[in-house]
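Single-structure report; data block below.
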Amino acid sequence: MAVNYNVPVEGIAGELTRRIDAARAGDSPIVVGIDGPGGAGKTTLAESLADTLKRCLIVPTDDFRRPPEGRIRRFLEVCDPGWDYDLERLRDQVLEPARRGLAVRWQRFDWQADKLGVWVDRPAAPVVLVEGVFTLHTVLRDYCGFKVWVGASRPLRLQRMVARGHGWPLAQYLLWITEEDRYLEVQHPDEAANVVLNSGGFASVEDAIAAAQTLA
């Protein structure tokens, strides 16, 4: 059964570090999956954990988005939750070697160019933090020795997405939120987690609408 916390993500790093250390088998390497919808606080949590863990590597799922042709093909053929991410590539290039204590090498997706970009090489690390939406997808969750789900309300997520200033149109943010909610409903990644964290913060529907209107 998952342990639930209702605290800001910055305030839970020490407790999660103790739980991660307890989940490791001696000095064995461990992959920690940090999942949740966009704007929930996953990256902030991963960075806070990196400050408290002795040695770790952070790998974002955003590096594994499919190029345009792959996204279209997956959408038309399957359209499963996470269709726009190459989760098999994440599994093969990072999760499988990382949990065996090996170095990892992956090709990073270039979001501005909308294509695969540079290759990244990282040495073996005792703790690998994989953070991003779909980290606890059924393709990946068995490779994670410790699992965290970070939740947030839909208005708060939209407000935070807009505040990042990445310049996406409103329709793209709404599509992402819809797909993330479908993922939660279909695959129940929160039920697979060891820890469920409500990241705190509040935004009303009116707050989110006001933020969305700045994109017009």
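The values are calculated or read from the model by the stated rules, or taken from the named source; none is laboratory data. A quick note: this is a predicted structure, and the numbers were derived from the prediction, not measured. Cβ sites come from the backbone with ideal geometry, for glycine too, and all protein chains shown count toward neighbours.
Working carefully through the options Asp27, Asp21, Asp63, Asp51, find the one that is of a type in the set (D, E, K, R), more than 25 Å from Gln107 (Cβ to Cβ), in a helix (DSSP H, G or I) and in contact (Cβ under 8 Å) with a residue 12 or more places away in the chain.
Asp51
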key: Among the residues listed as Asp142, Asp121, Asp207, the single one being acidic (Asp, Glu) and under 25 Å from Ala22 (Cα atoms)   = Asp142
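Determine whether Pro97 is at pLDDT 95 or above and in a helix (DSSP H, G or I).
Details: at pLDDT 95 or above: yes; in a helix (DSSP H, G or I): yes.
Judged against the criteria, Pro97 is a match.
Please determine whether any residue of the stretch 149-159 is assigned to a helix (DSSP H, G or I), touching a Cys at 6+ places or on another chain (Cβ under 8 Å) and under 22 Å from Glu47 (Cβ atoms).
The first filter runs over the stretch 149-159 and keeps only residues assigned to a helix (DSSP H, G or I), leaving 154-159.
From what's left, touching a Cys at 6+ places or on another chain (Cβ under 8 Å): none.
Looking through the stretch 149-159, none of the residues is assigned to a helix (DSSP H, G or I), touching a Cys at 6+ places or on another chain (Cβ under 8 Å) and under 22 Å from Glu47 (Cβ atoms).
Going through the stretch 48-90 one residue at a time, which ones are closer than 20 Å to Arg24 by Cα and more than 12 Å from the chain's Cα centre (by Cα)? Steps first, answer last, please.
Step one: list which residues in the stretch 48-90 are closer than 20 Å to Arg24 by Cα, which gives 48-59.
Ser48, Leu49, Ala50, Asp51, Thr52, Leu53, Lys54, Arg55, Cys56, Leu57, listed by residue number.
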note = How many residues of the stretch 144-154 are surrounded by 19 or more Cβ atoms within 10 Å (Cβ to Cβ) and either over 14 Å from the mean Cα position of the chain (by Cα) or more than 30 Å from Ala98 (Cβ to Cβ) (or both)? The answer is 2
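Please tell me if Arg108 is of a type in the set (Lys, Arg), modelled with pLDDT of 95 or more and within 16 Å of the chain's Cα centre (by Cα). Outline the logic, then answer.
On the way: of a type in the set (Lys, Arg): yes; modelled with pLDDT of 95 or more: yes; within 16 Å of the chain's Cα centre (by Cα): yes.
It is true that Arg108 is of a type in the set (Lys, Arg), modelled with pLDDT of 95 or more and within 16 Å of the chain's Cα centre (by Cα).
Residue-by-condition table, conditions (1) surrounded by fewer than 22 Cβ atoms within 10 Å (Cβ to Cβ); (2) part of a loop (DSSP other than H, G, I, E, B):
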{"residue": "Val130", "(1), (2)": "no, no"}
{"residue": "Asp142", "(1), (2)": "yes, no"}
{"residue": "Val162", "(1), (2)": "yes, no"}
{"residue": "Gly167", "(1), (2)": "yes, yes"}
request  = Could you tell me which of the residues Leu90, Leu102 is under 19 Å from Phe146 (Cβ atoms), out of contact with any strand residue (DSSP E or B) (no Cβ under 6 Å at 6 or more places or on another chain) and either without any contact (Cβ under 8 Å) to a residue 40 or more places away in the chain or in a loop (DSSP other than H, G, I, E, B) (or both)?
outcome  = Leu102
ask   = In the stretch 23-37, is there at least one residue being over 24 Å from Gln93 (Cα atoms) and modelled with pLDDT under 95?
value = yes
inquiry  = Consider the stretch 169-215. How many of its residues are in contact (Cβ under 8 Å) with a residue 24 or more places away in the chain, over 18 Å from the mean Cα position of the chain (by Cα) and surrounded by fewer than 16 Cβ atoms within 10 Å (Cβ to Cβ)?
reply    = 7
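Whether any residue in the stretch 22-30 is more than 18 Å from the chain's Cα centre (by Cα) and farther than 18 Å from Ala98 by Cβ is what I want to check. Step through it out loud before you land on a result.
Applying the first criterion (more than 18 Å from the chain's Cα centre (by Cα)) to the stretch 22-30 yields 22-29.
Then drop every residue that is not farther than 18 Å from Ala98 by Cβ, which leaves 22.
Checked the stretch 22-30: at least one residue is more than 18 Å from the chain's Cα centre (by Cα) and farther than 18 Å from Ala98 by Cβ.
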note = Among (1) assigned to a strand (DSSP E or B); (2) modelled with pLDDT under 95, Thr44 falls short only on (1)
